[in-house]
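Single-structure report; data block below.
The values are calculated or read from the model by the stated rules, or taken from the named source; none is laboratory data. Only a predicted model underlies this, so the values are computations on that prediction, with no experimental measurement involved. Note that each Cβ is placed from the backbone with ideal geometry, even for glycine, and that neighbours are counted across all protein chains shown. Note: areas computed on protein heavy atoms with side chains; ligands, DNA, RNA excluded. Shrake-Rupley method; radii C 1.70, N 1.55, O 1.52, S 1.80 Å.
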Amino acid sequence: MESVIQVDGLVKKFGETTALAGIDLVARPGQVLGLLGPNGSGKTTTVRVLATLLRPDGGSASVFGHDVVADADAVRRRIGLTGQYAAVDEALSGTDNLVLIARLLDLSRSDSRRRAAELIERFGLADAAKRKVRTYSGGMRRRLDLAASLIGRPDVLFLDEPTTGLDPRHRNEVWDSVRALTADGVTVLLTTQYLEEADQLADDLVVLDHGSVIAAGTPATLKAEVGGQLLHVRPMHRADRDAVTALVTELATGQTPEMDASGELVVAAADAALLARVGARLDAEGITVAELGLRLPSLDDVFMTLTGRPASTDPIDDTAEVAA
């Protein structure tokens, strides 16, 4: 299958800091390619290079065979971009926002109105079309922002942290919109640090850390590489964390448990009997737990295994990542 986005050995530096250290990636037609990584990993820098907003310092990148430097105008005609925060005018209505962008793209007045109406309907905003955007919820603003990025009917859409700051309900609204786009054949490059989002939407994943690709594959492939069942334990009381860690370390011979910021301890469980042994010891020592069980690896576990730390879910400062 021919690639839509092709990146080979891409390098970008900001002063003494290397933001991209020679990354490779490929996006296929009509699929979602997820770029996963913590703050400062290079996700936003990658998007800006591909969207022709930054010039790379090495390597190459192309969209539909058009080089992002040598043939930037051709690239721009094929892409849409939605940044980390909704770029809409709060003083205008939803319809007027879309008409304004359509006119800037040289659509006629009648075509601009027609295209705006199509997208308002498609993104479920008809009831709010004439209301000023300042009255919209966060989810509605993100959907309007997505609609705006589709005015020019792009074949590729770059979504940079599209659900940052949204609650679960509004996040699901954006996810539904992304699924609808790919069903229509649009290729999506999605940057995210929400592991659930990557698991829900991405056909393929590229994991970045410190400007380098540390893993790539489908979510299922990456989970399989972590392998096996995992024992997870969450003590009821914070004061018991050290005792639980010591207990699990003793019983999970040869395995090193990891505890995330929420207090959940995770360790590989090659032997399912480990669950019974840990449970018995916890009872014997009078330690109460909120959770104890076995499960298959998640993307959280993949990320922890690859980077040695949990994924951050703090909102990204876009400028900070580029500066870094």
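Data for the structure
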item	result
Mean separation of Cα contacts under 8 Å (6+ apart) over length of the chain, as relative contact order %	22 percent
Burial ranking of peptide ranges 202-214, 36-48, 168-180 (average Cβ count within 10 Å, highest at the top)	36-48, 202-214, 168-180
Cα-based reach from Lys43 at 28 Å (exclusive), listing lysines while leaving out same-chain residues under 8 positions away	Lys12, Lys13, Lys223
Helix axis angle, 241-251 relative to the chain longest principal axis, alpha carbon, degrees	70 degrees
Percent carbon-and-sulfur accessible area, the chain, ignoring ligands, DNA and RNA, probe 1.4 Å	49 percent
1.4 Å probe accessible area per residue over the chain, in Å²	46 Å²
Sum of side-chain charges, Thr218 neighbourhood, beta-carbon under 12 Å (Lys, Arg +1; Asp, Glu -1)	-2
Gyration tensor (Cα) of the range 80-180, equivalent ellipsoid semi-axes in angstrom	20, 15, 12
Mean Cβ count within 10 Å, highest first, over the residues of peptides 293-300, 146-153	146-153, 293-300
Given charges at beta-carbon only (K, R positive; D, E negative), |dipole| of the range 134-245 in Debye	460 debye
Beta bridges by DSSP in the range 104-237, antiparallel share as percent, to the nearest 5	50 percent
Rounded D (µm²/s) - the range 1-126, Kirkwood Rh over Cα pairs, Stokes-Einstein at 10 °C, 1.306 mPa s	95 µm²/s
Burial order of peptide ranges 97-109, 183-195 (average beta-carbon count within 10 Å, highest first)	183-195, 97-109
Rounded tilt (10° steps) of 138-149 against the dominant C-alpha axis of the chain	50 degrees
Contour excess over end-to-end distance, with Cα ends at Asp176 and Leu294 and 0.36 nm allotted per residue	39.4 nm
Given charges at Cβ of Lys, Arg, Asp, Glu: the chain dipole, positive-most of Val75, Leu296, Pro56	Val75
Kirkwood Rh in Å, taken over all unlike Cα pairs in the chain	21.6 Å
Cα-Cα P(r), the range 146-213, percent of pairs per 10 Å interval	18, 54, 25, 3
Beta bridges per DSSP with both ends in the chain, % antiparallel, nearest 5	65 percent
